[in-house]
Amino acid sequence: MSDFQGHIGKTWQESTPWWPQPAHPGDEAPNVIVILIDDLGFGHFSCFGGDVPTPNIDALAADGLRYTNYHVTPLCSPTRAALLTGRNHHDVGVRAISNFNSGFPHMRGALSRNVTTMGEVLRDEGYATFAVGKWHLVPLEEASAAGPFDNWPLQRGFDRYYGFLDGETDQFSPSLTYDNHHVLPPATPDEGYHLTEDLIDKAGEFIHDSLSVRPDRPFFMYLALGATHAPHQAPASYLEQWRGKFDDGWDAARERIFARQNEMGLIPEGTVLAPRNPGVEEWTTLSDNQRKLACRLQEAFAAFLHHTDDQIGRLIADLKDLGVYDNTMIVLQSDNGASQEGGPFGVLHEMKFFNGIWETPDEAVAHLEDIGGPHSHTNYPWGWAQAGNTPYRWYKQNTHEGGVHVPLIMKVPRHTTDVAGSIRDQFTYVTDIAATVFDVTGATVPEIYRGQPQIPVAGSTLVPTFADETAPSSHPTQYFEMVGHRAMIHDGWKAVTRHIATTSYDDDQWELYHYDKDRSECHDLAASEPDKLKALIDLWWEQTTTHQILPLDDRLAELLAMRFQEHGPHRPDRVYRYFPPVSPLPAQAGAAIGGRSFDLVADIAVAGDGVIFSSGTENSGLTVFVQDGHFILDYNYFQEHSIIRSRALSLRDGDELALRFRRRDAGAEVTLEHNGVEVGHGEIATILRVISSVGHRVATDTAGPVSELYHGPFAFTGRIRCVTISLISVSRQQEQDLEKSAMRAEMGRQ
């Protein structure tokens, strides 16, 4: 009552009422949509010279501005953290992917409470706020239905959320979260389901709901698509359109893209096309099978991007139909450069790469028809990734331009009308987006938020560049760091180094480029300009005292192992008890059974048929189920099924079924038990160290059937009181080996 500004008398006739005025940004405040594409290089959109026509994105660029000197961090979670907050990623606690907490302030795996997101700022200004798509800013052991929910989208400024919390998901059978709870996809692949279409549908639903009831409130939407991150998956009709379109190979593609970029004025005059990265072979030297596989993998990517462009077109058409397009600020960008996780040849099943299995093109070509569909989990080879990063060197994860230089398109009401379709080449950085959104909307960033002092926004507004292509960059200095890779850009020069994990940072070889004249980093001046190089390196070290960059940390497996802490879903005894019904469990929140010995015991309250426990998808995983009186394990090793079946059983209410899984070198020995009596036994030749990007389900299989012995989720028809999984202790060396495999997968796929 202390803020009441009326008067309280004895009766209402003697009193003066007062109504607080709700926050509102003003009748002229624009709507804002920030669209984030995943793992897409500078040369992928056709309006940036790419081979894949993106007419809807091109039309957006024609209505706005293309920024051709725009930079991000070289990995997804850090870019998302910097994008949403306007602060540098070390300062906000997201040095790398949000899959671990290193114990240091710069790597907590979630956004610091000392920074506000665009959602929080704009919601307090009176905006309706929506997040749709990939989040990946929550420690994944907190991503289960048990929470805690502090770092989920609804707790970081968004009124509504629909998408996936992890770093990637299957486009046909995704792991989905709606607001604060997990949900199943609304349809199946056979019914025509695809995640990107679903996300655009939900984005439209949120907008329609808001405008139908509160048209007076502008909206802010953060739309982070799963595309074009692996797995590269698209509807069959799109895949068919790209057959044979890349048969001339990546060398020819790079030359075409580079020529278009020069013709369009997207790169400075005199820029040189970077040489092929180490490991990228000349196209004509590849074998027939290598070329066949590489072409089909690139076709899948192209179909994925083509499909994504069509879905963005649906959203834009909807905005126009609603009459709000003209007053909507739209920002579209990528989170980092093209991915290098496909290796030199590309992969049909990305999980094979993460399991240390080298799938040769001669083996993979037998499954060409699966590529891009629900029966594959593909990523393209290095050559196509570098083509997507044309004209730059290296890839995602690296601080060279191929990892950090991406396309940016910005359409702003009233600001870009007279200069629509123009190009801006000022150096800009991801933290500038929030600063620009705040400037355009007139929002004020609080110095104190929920009792916490706030780190100042590090980015600079791009508004001066809207009308003036000659406006100087307001952000001439920016550091970069990712798992030891480092770079410093200052006043048109760049120092950069690639770090080899576990080696001394003092041994890193720094390169120097006159960036304004050598955008593609082809002429290393380190030897001829030692003073300039030293000055930039010294400046980089100065940044470490300003932005919480230290300690430098190139650990991988050890950091993932830190999820096993005293408090959380992983008990010290590594015993996990699940009481159905249980929402789907993210891999990092569930029992880590990949590559390990374990016991699984099901306490059956009411006998029935169906799945007891499943993990993974139809591409790789395992499932334990009861069918026609048999207790069965189906171990799916990339669609090679090892099936261990019990003898016929007479199951009764109150029975106990147990699976004893014991690792034996590369394989495993399995025993099935019914009420303590062995009823089945078998061996598996090779087991998975990393099972899947999709986690566990209890009493159902809802991520695309792991087994070919049943269809659909095959939910248990009786009642399971509890499923207990007990991990068997292993040696410290085995534990480190398993964590290294898991971390390699996380760093690669995120």
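Read-outs: derived from the displayed coordinates by stated rules, not from any lab. Small disclaimer: the values here were computed from a predicted structure and weren't measured. Because the Cβ atoms are built from the backbone with ideal geometry, glycine has one as well, and the counts that use them run over all protein chains shown.
If the segment from A146 to F4 were pulled out straight at 0.36 nm per residue, it would be longer than the present Cα-Cα gap by 47.2 nm.
Two decimals, Cα atoms only, Kirkwood Rh: what is Rg/Rh over the range 570-749?
Values: Rg = 15.1 Å, Rh = 16.2 Å.
In the range 570-749, Rg relative to Rh is 0.94.
The separation of the range 607-639 from the range 24-100, counted between C-alpha centres, amounts to 41 Å. Estimated at 0.36 nm per residue, the fully extended path between A685 and R647 surpasses their Cα-Cα distance by 11.5 nm. Ordered by the count of other Cβ atoms within 10 Å of each Cβ, fewest first, C295, C522 give C522, C295.
Considering only Cα atoms, the convex hull volume of the chain works out to 179 Å³ per residue. Candidates V52, W384, W541 compared by Cα position along the dipole of the chain: farthest toward the positive end lies W541, with charges placed on Cβ. Counting only DSSP beta bridges with both residues in the range 117-226, the antiparallel share comes to about 30 percent. Subtracting the Cα-Cα distance of K245 and A23 from 0.36 nm times their residue separation leaves 74.6 nm of extension gain. Each residue of the range 371-381 was assigned a 3J(HN,Hα) from its phi angle through the Karplus curve 6.51 cos²θ - 1.76 cosθ + 1.60 (θ = phi - 60°); the sequence is 4, x, x, x, 9, 9, 9, 9, 9, 7, x Hz, with glycine and proline shown as x. With both residues required to sit in the chain, DSSP beta bridges show an antiparallel share near 75%.
Once C-alpha pairs closer than 8 Å and six or more residues apart are averaged by separation and normalised to the residue number of the range 272-396, the relative contact order reads 41 percent. Here K532 is the anchor, and the aspartates and glutamates within straight C-alpha reach of less than 16 Å, apart from those fewer than 8 places off in the same chain, are D491, E511, D516, D518, E521, D524, E542. With Cα atoms as the point set, the radius of gyration and Dmax of the range 477-554 evaluate to 12.1, 34 Å. Between the amide H of G226 and those of K134, distances stay under 5 Å, these residues lying 5 or more places away or on another chain, with hydrogens modeled in the peptide plane.
About the Cα centre of the chain, how large is the charge dipole given +1 on each Lys and Arg Cβ and -1 on each Asp and Glu Cβ? Please answer in debye to the nearest 20.
Result for the chain is approximately 1220 debye, rounded to the nearest 20.
Summing +1 for each Lys or Arg and -1 for each Asp or Glu among the other residues whose beta-carbon sits under 11 angstrom from that of G629 gives 0.
Where does each of C76, C47, C722 land when they are ranked from fewest to most other beta-carbon atoms within 10 angstrom?
Details: C76 27, C47 21, C722 14.
Ordered from fewest to most neighbouring Cβ atoms within 10 Å, C76, C47, C722 come out as C722, C47, C76.
In terms of the Cα gyration tensor, with a ≥ b ≥ c the square roots of its eigenvalues, is the range 406-529 rounded because a/c is under 1.5, prolate because a/b exceeds b/c, or oblate? Oblate, because a/c is 1.5 or more while a/b does not exceed b/c. What the phi angles of the range 232-243 give under the Karplus curve with 6.51, -1.76 and 1.60, with θ = phi - 60°, is a coupling list of 7, 9, 8, x, 4, 5, 6, 4, 4, 5, 10, 4 Hz, glycine and proline written as x.
If you take every residue apart from R243 with its C-beta less than 15 Å away from the C-beta of R243, what net charge results, scoring Lys and Arg +1 and Asp and Glu -1?
Around R243, the charge tally is -3.
Using a cutoff of 8 angstrom between alpha carbon atoms and counting only pairs six or more residues apart, the relative contact order for the chain works out to 16 percent.
Charge tally around I371: other residues with Cβ under 10 Å, Lys/Arg +1 each, Asp/Glu -1 each, net -2. Its residue count N sets the reference 2.2 N^0.38 Å, and the alpha-carbon radius of gyration of the range 247-392 equals 1.23 times that reference.
Over what distance in Å are the Cα centres of the range 426-472 and the range 508-539 separated? Spelled out, the Cα-based centre of one part sits 29 Å from the other. By the count of other C-beta atoms within 10 Å, a proxy for reagent exposure, E263, E197, E205 are ordered fewest to most as E263, E205, E197.
Rounded to the nearest 20 debye, the dipole size of the range 570-749 about its Cα centre is 500 debye, using +1 on the Cβ of Lys and Arg and -1 on the Cβ of Asp and Glu. For K396, a cut-off of 12 angstrom between C-alpha atoms picks up these aspartates and glutamates, skipping any fewer than 8 places away in its own chain: D38, D39, D335, E341. Cross-link partners of K320 among lysines, defined as those whose alpha carbon lies under 26 angstrom from its own and excluding same-chain residues fewer than eight positions apart: K134, K202, K411. Could you please state, rounded to a whole Å, how far the C-alpha centre of the range 388-415 is from the C-alpha centre of the range 182-239? Computed from Cα coordinates, the inter-centre distance equals 24 Å. How high is the relative contact order of the range 570-749, in percent, counting Cα pairs under 8 Å that sit 6 or more residues apart? Rounded, it is 34 percent for the range 570-749. Give me log10 I(q)/I(0) at q = 0.18 Å⁻¹ for the range 100-249, Debye formula, one equal scatterer per alpha-carbon, no solvent. Relative scattering, expressed as log10 I(q)/I(0), comes to -1.10.
Is there a quick way to get the dipole size of the range 477-554? I mean about its Cα centre, with the Cβ of Lys and Arg at +1 and of Asp and Glu at -1; what is the value in debye to the nearest 20? Please report the intermediate quantities before stating the final value.
On the way: 7 positive and 16 negative charges, 40 e Å.
Using Cβ point charges on Lys, Arg, Asp and Glu, the range 477-554 gives about 200 debye.
Legend: calculated FRET efficiency, V575 to N675, from the Cβ-Cβ distance at R0 = 35 Å, rounded to 0.05, equals 0.95.
Can you give the alpha-carbon Rg of the range 491-532 over 2.2 N^0.38 Å, where N counts its residues? Please list the in-between numbers first.
Details: Rg = 11.3 Å, N = 42, 2.2 N^0.38 = 9.1 Å.
Relative to the rule-of-thumb radius for its length, the range 491-532 sits at 1.24.
Cα-based radius of gyration for the range 638-678, normalised by 2.2 N^0.38 Å, reads 1.40.
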